[in-house]
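Everything below concerns the one structure shown next.
Only the coordinates and a few stated rules stand behind these numbers; no lab work does. Bear in mind the structure is a predicted one, so any value in this text is a computation, not a measurement. For neighbour counting, all protein chains shown are included, and Cβ atoms are generated from backbone atoms with ideal geometry for every residue, glycine included.
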Amino acid sequence: MDSEKDSVQEAAWSERLDGLDDAVLPFQVDALDVRGRTVRLGPALDAMLAHHDYPGAVKRALGEAVALAVLLGSSLKFEGRFILQTQTDGPVDMMVVDFQSPDKVRAYARFDAAAIAAAEAAQAASPAALLGRGHLALTIDPGLSANRYQGIVALDGEGLEAAAHHYFQQSEQIPTRVRLAVGEELRAGGAPSAWRAGGLLAQFLPAQSGRLAAADLPPGDAPEGIMVDDTTSDDAWLETQSLVGTLEDVELLDRDLGSERLLYRLFHERGVRVFEPVGVMAHCSCSRERVGSVLASFEESERREMIQDDGKISVTCEFCGRSYGFSAEEVLGGTDA
């Protein structure tokens, strides 16, 4: 009877948001002192990926970056920007995701096409492998009201999930678990495929700070006389990690499994509360006026060097691919062209 009752409750819970794409859903599990967010991306992710002729492996890597940036950036309580950027030695040597709170996101990846093709042929084109080694920079830009804050964490071949865990452990000292998934959805009738991304972030935020203590990494063969840390993580956090660890990629991507139902499946024995979802849209903030302002920031000699043989300067936005043309007179501000 209990399982039948659970099934009825689960179905009722999922009515509101099942199938809702391009949205962040905050949640809280009071019994475990856990708060977090889920994200589902569909058409918005497709729109960002469509601006460039990315190979499938690059789309997968960039999709993970977008999902992570939205999970982290949606926590901002002010109108500002959260910027995720990777710089690595892999075939995808740079990715930038720019999240403008509360709901706008754009993304770009730079890659070596030949190296990507070789990695795909060798079946070694996982997002972690394509990124390689380097660093991940996470920047919070509140605009004119305050200074930027930036955290940097190493990327050592383990991928963005692991890097996010290291970031929160080192910089924020908040026990955090992140799950990311990206998949290509094939459509019938020869229609173009669609890309989807999903993610979940859970954080342990107990009222008693002493419960945040966590064990250090195993020291290996410690010399005789050296005490080994025997601190154990809080039972509530261990349970949360165990539950989140059961999540499969398909659960984060399945359009028939809404975020509320997913959270119910994970935490229904403990009781989980959800809050109002926040929509997410693909949006590039570039404009002719903004590009003109950037050009004006260069020295006149530099602007002259930018002028092409046809007497114009052409600037293409790396995020959305939109091009802007300026005449020499516009760029030089009325000086002798």
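Points to keep in mind about this one:
- Whole-Hz couplings from phi, Karplus 6.51/-1.76/1.60, listed for the range 252-267; x for Gly and Pro: 7, 10, 5, 5, 8, 10, x, 4, 5, 5, 4, 5, 5, 4, 6, 10
- From the Kirkwood radius over Cα pairs of the range 288-332, Stokes-Einstein at 37 °C and 0.692 mPa s returns a whole-number translational diffusion coefficient of 307 µm²/s.
- q = 0.09 Å⁻¹: log10 I(q)/I(0) that the Debye formula gives for the chain, counting C-alpha atoms only: -0.58
- Only helical runs count toward this figure. For the chain, summing -39,500 (n - 2.57) over DSSP H runs of n ≥ 4 and dividing by all residues gives -8500 deg cm²/dmol at 222 nm.
- Highest average packing first - 50-56, 101-107, 234-240, Cβ atoms within 10 Å: 101-107, 234-240, 50-56
- Highest mean first, the peptides 168-179, 246-257, 302-313 sorted by other C-beta atoms within 10 Å per residue fall in the order 168-179, 246-257, 302-313.
- Taken about its Cα centre, the range 288-332 carries a charge dipole of roughly 240 debye when the Cβ of each Lys and Arg holds +1 and the Cβ of each Asp and Glu holds -1.
- When peptides 283-289, 294-300, 63-69 are ranked by their average number of other Cβ atoms within 10 Å per residue, the highest-first order is 63-69, 283-289, 294-300.
- Dividing the C-alpha radius of gyration of the range 16-101 by 2.2 N^0.38 Å, with N its residue count, gives 1.23.
- Zone of LEU144's modelled label, taken as backbone nitrogen in the range 93-107 under 13 Å from a point 7 Å along Cα→Cβ: none
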